[in-house]
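Worksheet: the structure to be examined is printed underneath.
The values are calculated or read from the model by the stated rules, or taken from the named source; none is laboratory data. In this text, all values refer to a predicted model and were calculated from it rather than measured experimentally. Cβ placement follows ideal geometry from the backbone for every residue including glycine, while neighbour counts extend to all protein chains displayed. To get the accessible areas, we keep the full protein, side chains included, count just its heavy atoms, and leave off ligands, DNA and RNA. Shrake-Rupley method; radii C 1.70, N 1.55, O 1.52, S 1.80 Å.
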Amino acid sequence: FWPDREKDLLPGGRLSALLVDQVDRDGVGGEAAPEYALGWLSHLQQCAGLLASYKRYDRHDLYRDFPAFRRMFVAPLRLAILGRWTPSLGDSGQTGKCERVGWDLDLFLEAFGRFGDPRLAKAAWEMNGRTVEGLHTSLFDPEPEAIQEQVLNALGDGDGAFQSYNLDGYG
């Protein structure tokens, strides 16, 4: 048996196709409920980290080569109404649940360190009780507490208010 398509040669792969075809222009995975749609990021981020650490693989860098993947990191912020709660859409478990879906302090700090997006710094600061005290990156970083000053610098003179967005790609 000789496979006639690339996907048959690499079963379980096709991250490129997933990021191009299944993640919308707002950075939201192809599902209706925020818990499911935003949940794609944690799994894809683990894959991106593993691929980046595997030196024999140099075909793609998910962070560098896929704008949709980069947008996935800010999608939970953009979907949250005024940074306070995520709408209960689709199969969300209960109506009117007031929570932020997809907000993860460690993930925001890592993404802020990688991309420098001030929205990620603001979200980390908000999740940490509106302070940089105690913020730190991985214990494997040479200076894990350096992120505190970086977050403060990114916040600048802003008032800490979040913005609302119309995510027409997500719908």
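The stretch between residue 36 and residue 84 holds 15.4 nm of extra length on full extension. This uses 0.36 nm per residue minus the Cα-Cα distance.
Taking all protein chains into account, the per residue accessible area for segment 73-148 stands at 55 Å² (1.4 Å probe). Full extension of the chain segment joining residue 51 with residue 162 gains 36.6 nm, where the gain is 0.36 nm per residue of separation less the Cα-Cα distance. Of all the options 24, 106, 157, the one that moves most in a Gaussian network model of the chain with Cα springs shorter than 10 angstrom is 157. Among the GluC sites (Glu not before Pro) in segment 122-171, those located in a DSSP loop and surrounded by at most 11 other Cβ atoms within 10 Å of their own Cβ are 133. Trypsin sites (Lys or Arg not before Pro) within segment 119-154: which are DSSP loop residues with at most 11 other Cβ atoms inside 10 Å? Here the sparse-neighbourhood loop sites are 130.
Here each label is just a point 7 Å from Cα along the line to Cβ, and for residue 64 and residue 115 those points are 1.8 nm apart. Atom-type composition of the exposed protein surface of segment 101-170 places 46 percent of the accessible area on carbon and sulfur (1.4 angstrom probe).
Among 65, 104, 117, determine the one that fluctuates most according to a GNM of the chain built with springs between C-alpha atoms less than 10 Å apart. For the chain, modelled as a Gaussian network with Cα springs under 10 Å, the answer is 65.
Note on segment 18-66: with neighbouring protein chains present and a 1.4 Å probe, carbon and sulfur make up 53 percent of its accessible heavy-atom surface.
When the Gaussian network model of the chain links Cα atoms closer than 10 Å, the mean-square fluctuations of 67, 142, 76 top out at 142. Size of the chain: Rg and Dmax of its alpha carbons, in Å, are 17.6, 64.
In the chain, helices alone account for a calculated mean residue ellipticity at 222 nm of -12000 deg cm²/dmol, with every DSSP H run of four or more residues adding -39,500 (n - 2.57).
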